[in-house]
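The values are calculated or read from the model by the stated rules, or taken from the named source; none is laboratory data. Owing to the predicted nature of the structure, the values given are computational and were not obtained by experimental measurement. All Cβ positions, glycine included, derive from the backbone under ideal geometry; neighbour counts span all protein chains shown. Keep in mind that these areas ignore ligands, DNA and RNA; they rest on the heavy atoms of the full protein, side chains included. Shrake-Rupley method; radii C 1.70, N 1.55, O 1.52, S 1.80 Å.
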Amino acid sequence: MASFTVQLVSPERVLYEGEATFVSARTLGGGDIGFEPGHAPFLAALQTWPVRVIGTDAVERKFACHGGFVQVDAEKVVILSDVAELAGDIDTARATAAKSRAEAALAADADDAEAKAALARASVRLDVAG
């Protein structure tokens with residue numbers, strides 16, 4: 001089975017480094033995109049969205065990725081994220097409270113950009129945490 005190296009890096013640490021058969025993310029301008037070994041070179045900015053990595057062991061790993069960049073070549077995918085979290089590191093109670101605060105702020109002002117961003121981050125955290 002063909003594979004490629006995947007690195008997911010945040011300013012604090014390397015969250016994942018290993019061999020994978022598939023990676024998916026969401027770019028700012030292009031929507032969802034998936035990468036398999038042999039993919040054409042690609043570079044894009046990322047949205048706040050879950051990143052999925054399917055390892056050569058067929059296990060899916062999900063990460064909360066809050067912006068950054070993805071760079072791809074035929075043999076490697078590198079994700080440099082502003083903030084990224086492993087599913088097990090996410091405090092779901094804190095994320096639920098943040099989501100509630102953001103929803104309340106948006107109910108008061110539907111154009112509140114900070115509340116929209118906070119809601120997106122909280123929703124991604126809760127999705128990834130399961």
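For the reader, a short list of remarks on this structure follows.
- Residues of the range 30-52 satisfying the condition of being β-branched (Val, Ile, Thr) and within 17 Å of Arg125 (Cβ to Cβ): Thr48, Val51
- Count of residues meeting criterion [exposed (fewer than 15 other Cβ atoms within 10 Å of the Cβ), out of contact with any Ser or Thr (no Cβ under 7 Å at 6 or more places or on another chain) and not in a helix (DSSP H, G or I)] in the range 74-102: 3
- For Glu60, the conditions (1) open to solvent by 60 Å² or more (accessible area, probe 1.4 Å); (2) in contact (Cβ under 8 Å) with a residue 40 or more places away in the chain are fulfilled apart from (2).
- Annotation: of all residues in the range 1-30 being assigned to a strand (DSSP E or B) and without any contact (Cβ under 8 Å) to a residue 40 or more places away in the chain, the one that is most open to solvent (accessible area, probe 1.4 Å) is Glu17.
Matching residues to (1) part of a loop (DSSP other than H, G, I, E, B); (2) at pLDDT below 95; (3) open to solvent by less than 40 Å² (accessible area, probe 1.4 Å); (4) among the β-branched types (Val, Ile, Thr):
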| position | (1), (2), (3), (4) |
| --- | --- |
| Asp32 | no, yes, no, no |
| His39 | yes, yes, no, no |
| Leu46 | no, no, yes, no |
| Arg52 | no, no, no, no |
| Phe69 | no, no, no, no |
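- Which listed residue, of Ala105, Ala64, is part of a strand (DSSP E or B) and in contact with a helix residue (DSSP H, G or I) (Cβ under 6 Å, 6 or more places away or on another chain): Ala64
- Flag if Val124 is in contact with a Ser or Thr (Cβ under 8 Å, 6 or more places away or on another chain), part of a helix (DSSP H, G or I) and closer than 23 Å to Arg26 by Cα: yes
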